[in-house]
Ligand SMILES: Nc1ncnc2c1ncn2[C@@H]1O[C@H](COP(=O)(O)OP(=O)(O)OP(=O)(O)O)[C@@H](O)[C@H]1O
Ligand SMILES: [Mg+2]
């Protein structure tokens with residue numbers, strides 16, 4: 001008998017997801033980035049998307065709240081089709097989402113407090129600071145930065161900036177949080193603080209989490225489910241053990257940080273160019 005019936009999630013039916021992608025294809029010119037991808041994101045769980053640089057992780061995540069519209073296929077949020085909604089209705093739907101984007105960009109000209117209330121301002125009129133003071137304090141306490149309200153991003157470390165971006169992502173008490181490379185650029189200890197925060201938020205708020213990462217330590221730590229993208233398709237989908245033991249060589253190469261034959265071929269070509277360039281001067285027979 002299978003120990004965990006959800007080990008391989010390929011069978012998850014569309015009805016199971018808080019967000020569902022149905023037969024989603026995204027092309028940019030001739031570049032087919034997502035090729036007929038179907039995926040149900042499970043409510044209250046953490047789904048991690050892995051895959052090599054340029055494989056379409058960010059593009060996939062940007063479809064979950066329709067920051068990108070599909071070339072074909074459909075996106076559903078709580079069973080409602082959203083990919084065909086006009087922008088003003090989408091903005092209302094997006095209040096259910098928090099996002100921490102790749103680079104975690106804060107607005108440099110705004111203080112920490114102003115950065116956190118930015119998403120609130122986009123949707124609600126704030127007449128007086130006292131209306132949001134407690135909210136800012138609560139969100140900053142969650143990420144361990146209460147007291148930093150009047151700091152500016154330039155005076156924060158990279159890890160602190162990520163934590164402020166996280167506080168901003170939860171400003172509207174979202175049901176879904178999307179993280180794109182939340183630990184990139186941080187040392188292992190600062191990265192682990194972000195992992196712990198993601199776990200803490202998940203435990204305390206019970207929201208649905210989708211995180212993109214290259215970092216397998218982070219993926220194994222936070223994921224209920226890991227999805228690997230390759231050539232526009234989902235080639236692996238399951239829990240950490242399922243991924244660790246996955247038979248597909250591309251999955252094994254990725255999780256073990258090994259160079260693929262394709263990458264080696266590129267390096268061999270550039271090696272030849274390198275030799276050709278220097279041969280006349282260095283060549284001694
Ligand atoms: N707005 C766009 N216009 C044209 N091409 C795009 C656009 N956004 C993404 N792409 C292309 O889509 C592909 C996937 O990009 P994406 O940013 O999703 O990769 P990624 O997996 O997130 O990579 P990384 O790990 O480096 O962040 C790339 O070939 C990229 O050039
Ligand atoms: Mg990306």
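Read-outs: derived from the displayed coordinates by stated rules, not from any lab. Owing to the predicted nature of the structure, the values given are computational and were not obtained by experimental measurement. All Cβ positions, glycine included, derive from the backbone under ideal geometry; neighbour counts span all protein chains shown.
Dividing the mean sequence gap of close Cα pairs (under 8 Å, 6+ apart) by how many residues the chain holds gives a relative contact order of 23 percent.
Shape class for the stretch 39-151, computed from the alpha carbon gyration tensor (a ≥ b ≥ c): prolate, with a/c not under 1.5 and a/b above b/c. By DSSP, the beta bridges lying fully in the chain are antiparallel in about 55 percent of cases. Note on residue 241 and residue 129: the model spin-label points, each 7 Å out from Cα along the C-beta direction, lie 5.4 nm apart.
Considering helices alone, the calculated mean residue ellipticity of the chain at 222 nm is -12000 deg cm²/dmol, with DSSP H runs of length four and up weighted by -39500 (n - 2.57) and normalised per residue. Between the Cα long axis of helix 158-169 and the first principal axis of the chain there is an angle of about 60°, rounded to the nearest 10.
To test your reading of the geometry: what angle, between 0 and 90 degrees and rounded to tens, separates the Cα axis of helix 188-205 from the longest principal axis of the chain? Tilt of helix 188-205: around 50 degrees. Taking the Cα atoms of the stretch 107-173, the ratio Rg/Rh between the radius of gyration and the Kirkwood radius comes to 0.93. Here the chain has an Rg and Dmax of 21.3, 81 Å, counting Cα atoms alone. Here the simple spin-label model places points 7 Å from the Cα toward Cβ, and for residue 78 and residue 196 these points are separated by 3.4 nm. If R0 is taken as 30 Å, the Cβ-Cβ distance between residue 107 and residue 204 corresponds to a FRET efficiency of 0.65.
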